[in-house]
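Heads up: the structure comes next, in structure tokens.
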Amino acid sequence: MQVLKGIILTGGIGYDSNIYLIDKEILVDVGTGIFFNEIKEEFENLGIDFEKIHTIINTHCHYDHVGADKSFRDLCKAEIAIHKNDKDAIESGNGTLAEYFGKKMKSVTVDKILNENDKIKTKNFTFTVISTPGHTPGSICLYEKNKKILISGDTIFADSIGRSDLPNGNKEDLKRSIIKLSKLDVKYLLPGHGMPKIGGVDFLFKQILARIKNF
């Protein structure tokens, strides 16, 4: 479904992450791959030209977000992009937590390393990469300042925050990341799981900050 003009949301089935297609040229996260054929068919029904999808951005290295990297790369011939601190996980297949899903990660080569303040530009958007470690060392969010959009991965959801108790998680890093995000002007929160939140994001941050004060 179109959540905002130029941004299509699909996926989110079962344990799969949400998948965001931006301006029909960039994918943000791709799910486990278990429902790859169904998602491909959905895109086909929407008239998506897979050859125009040139980049796959992973918000972090967990299998429910990156498991379909190879399938989508093969389909679209797109580049894989991820933060440097999660690069080794998807290249080696170790550290993606694929075993939690009873699967084995199909390792892929990372084409582009993402760093703090990198710009991701499409026809209608300019997203800034924000490093938000805590859920994983290389977790990132994408922020569109002019349109007040935050694609938040598993750092923050519409009613909660990401886990920090999984391997390589760090609750102090997560806390600092949430404080960092709370300083942004956000109207549209597009999380890695669950429904987007439109409006009331400032109040959400206030609630979460109060909750994690003694985190």
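Every number here is computed from the coordinates shown, using simple stated rules; none is lab data. Note that this is a predicted model, so its numbers are computed, not measured. Here the Cβ is made from the backbone with ideal geometry for all residues, glycine too, and neighbour counts use every protein chain on show.
Charge tally for G138 (other residues, Cβ to Cβ under 10 Å; Lys, Arg +1; Asp, Glu -1): 0. Phi-derived couplings, Karplus 6.51 cos²θ - 1.76 cosθ + 1.60 at θ = phi - 60°, listed residue by residue for the stretch 198-211: 10, x, x, 6, 4, 5, 4, 4, 4, 4, 5, 4, 5, 5 Hz, with x used for Gly and Pro.
With n ≥ 4 as the cut-off for DSSP H runs, can you work out [θ] at 222 nm for the chain, using -39500 (n - 2.57) per run divided by the number of residues, rounded to the nearest 500? Before the final figure, lay out each step's value.
Numbers: 6 runs with 54 residues, N = 215.
After summing the helix terms and dividing by the residues of the chain, the value is -7000 deg cm²/dmol.
Along the axis of the charge dipole computed for the chain (Cβ charges of +1 for Lys and Arg, -1 for Asp and Glu, origin at the Cα centre), the listed residues T109, P133, I53 are led at the positive end by P133. The dipole here belongs to the stretch 68-164: it is taken about the Cα centre, uses +1 on the Cβ of Lys and Arg and -1 on the Cβ of Asp and Glu, and is about 340 debye. Put simply, the Cα atoms of the stretch 1-138 extend 35, 34, 24 Å along their principal axes, the longest span coming first.
List the trypsin sites (Lys or Arg not before Pro) in the stretch 1-82 that DSSP assigns to loop (not H, G, I, E or B) and whose Cβ has at most 16 other Cβ atoms within 10 Å. Which are they?
Values: sites: K5, K24, K40, K52, K70, R73, K77; in loops: K5, K24, K77.
Filter output for the stretch 1-82: K5, K77.
Please report, in debye to the nearest 20, how large the charge dipole of the stretch 133-215 is about its Cα centre when each Lys and Arg carries +1 at its beta carbon and each Asp and Glu carries -1 there.
280 debye
Among the listed pairs K52/K171; K40/K87; K103/K206, a Cα-Cα separation exceeding 32 Å is found for K52/K171; K103/K206. Restricting the stretch 112-215 to trypsin sites (Lys or Arg not before Pro) that sit in a DSSP loop and have at most 11 other Cβ atoms within 10 Å of their own Cβ leaves K123, K183, K213. On a per residue basis, the convex hull of the C-alpha atoms belonging to the stretch 88-168 measures out at 123 Å³.
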